[in-house]
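Undergrad: Shown below is the structure under consideration.
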Amino acid sequence: MSGFRFVFSHPWMLLILIPAAALTLIPYFRLSKKYRKTRNRITSMILHGLIMIFAVSILSGMTFAYQVPNGDNEIIYLVDMSVSEEQSKEARDDFLKNALFAAEGGEFKVGIVTFGFDQKYVVPLTYDVESSFDTYSDAALPDVSATNIADALSYAASLFNYPESAKIVLITDGKETDKRALTVIRAVSAKGIRTDVANISSSYDGDDVQITDVEIPDYHVNVNENFTLNIILQSTADTVAEISMFDNGESVYTWSQIIPAGNLAVSVNHSVASEGLHEFYFGIDVEGDLLQENNGYYAYMYIETFNKILIIERKENSSEFLKSFLGTDDAF
């Protein structure tokens, strides 16, 4: 235990000790010396003074504060290394360096995980904070083609030896490929792991267009049935893009699209000619685009045909009317 101190919520209430001391001492010294120095009088004065001190301390909200070093405390810095964060590399590294400097001398372990599409455990949990930044700087990069914050959080949470006294510091611009981070943070918090976020904003020196989402139908689609796919685009400036759509690797549509600055939803009508899994790939081609890594998007649909009906009879031939109503195919 260290740093023991008294803390008062209402320190101004301590001024009451002045009249309290007067109420204790004045009656005592008004007595003649003959009666003042008796054991009973001295004991009464001391008890009276102690009661006054305790009462005023309670009124002033006195509490005790101290620090108990816990060697089980662990912190992992989860650092976003994806392409979208590259232009903020200096600000990101400065933040990490300052955080590690503040942690020097603390009686807890520090670790560093870098991530993009995958993760790398570049600095395992250690008390040697001083050399952590150099180890981080010299470490190999993860796959930087995407930003998978959700998987990175799950991975970092699995590294702790004492989850109940652990913390993750997420250093990112918040631009994630798969928008599941909040769901994972709730799951991580349920284990007792605290999650803090340092938002290192990424700013682009050029124009950029990206596909942020593709919305597929939320209902059953049949073979040869027309349905709509919505492509969500985001652009930093007004531009023109060439958009391509592929179905299981085969090109089906290519068209030019005017894209204003901001968000834009583009609808595409499509139908499939076969059952099974269909992989839809959407790509955009923009002249002078800053980042090429966010110019593609995959979406998947499983097409299944339901053409068989099961009829269960309670009595023989009781379903004849229903069968005649539905038809007489081999499905029955």
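Undergrad: Listed residues E293, E242; which is of a type outside the set (G, A, S), within 30 Å of V144 (Cβ to Cβ) and within 33 Å of the chain's Cα centre (by Cα)? Talk me through it step by step, then tell me what you get.
TA: Numbers: E242 fails: within 33 Å of the chain's Cα centre (by Cα).
E293 is the lone residue from the list that is of a type outside the set (G, A, S), within 30 Å of V144 (Cβ to Cβ) and within 33 Å of the chain's Cα centre (by Cα).
Undergrad: Working carefully through the options K120, K97, find the one that is without any contact (Cβ under 8 Å) to a residue 24 or more places away in the chain and either surrounded by fewer than 18 Cβ atoms within 10 Å (Cβ to Cβ) or part of a strand (DSSP E or B) (or both).
TA: Values: K97 fails: without any contact (Cβ under 8 Å) to a residue 24 or more places away in the chain.
When all the criteria are applied, what remains is K120.
Condition check ((1) more than 24 Å from the chain's Cα centre (by Cα); (2) within 26 Å of F4 (Cβ to Cβ); (3) of a type in the set (A, V, I, L, M, F, W, C)) across all residues:
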| residue | (1), (2), (3) |
| --- | --- |
| S44 | yes, no, no |
| I58 | yes, yes, yes |
| Y77 | no, no, no |
| Q87 | no, no, no |
| E104 | yes, yes, no |
| V110 | no, no, yes |
| F115 | no, no, yes |
| D118 | no, no, no |
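Undergrad: Filter region 221-266 for residues that are assigned to a strand (DSSP E or B), of a type in the set (G, A, S) and more than 20 Å from Y302 (Cα to Cα) and give the result.
TA: Filtering region 221-266 for residues assigned to a strand (DSSP E or B) gives 227-235, 239-247, 250-259, 262-266.
Still in the list and also of a type in the set (G, A, S): 235, 241, 244, 251, 256, 262, 265.
Residues satisfying the conditions are S235, A241, S244, S256, G262, A265.
Undergrad: Then there is this: Would you point out the residue of region 145-184, among those that are modelled with pLDDT of 85 or more, open to solvent by 40 Å² or more (accessible area, probe 1.4 Å) and assigned to a loop (DSSP other than H, G, I, E, B), that is farthest from P124 (Cα to Cα)?
TA: Y162
Undergrad: Only one of these is open to solvent by less than 40 Å² (accessible area, probe 1.4 Å), in contact (Cβ under 8 Å) with a residue 24 or more places away in the chain, over 30 Å from F95 (Cα atoms) and aromatic (F, W, Y): F280, F246. Name it. Step through it out loud before you land on a result.
TA: Numbers: F246 fails: open to solvent by less than 40 Å² (accessible area, probe 1.4 Å).
That would be F280, the only listed residue that is open to solvent by less than 40 Å² (accessible area, probe 1.4 Å), in contact (Cβ under 8 Å) with a residue 24 or more places away in the chain, over 30 Å from F95 (Cα atoms) and aromatic (F, W, Y).
Undergrad: Taking interchain pairs and intrachain pairs at least six residues apart, which have beta carbon atoms under 6 angstrom, with the first residue in region 1-13 and surrounded by 10 or more Cβ atoms within 10 Å (Cβ to Cβ) and at pLDDT 85 or above and the second of a type outside the set (D, E, K, R) and assigned to a helix (DSSP H, G or I)?
TA: Here the result reads M13/L59, each pair linking region 1-13 to a residue that is of a type outside the set (D, E, K, R) and assigned to a helix (DSSP H, G or I).
The values are calculated or read from the model by the stated rules, or taken from the named source; none is laboratory data. Not measured: the values here are computed from a predicted model. FYI the Cβ positions are ideal-geometry reconstructions off the backbone, even for glycines, and counts take in every protein chain you see. SASA here: full protein model, heavy atoms, side chains in, ligands and nucleic acids out. Shrake-Rupley method; radii C 1.70, N 1.55, O 1.52, S 1.80 Å.
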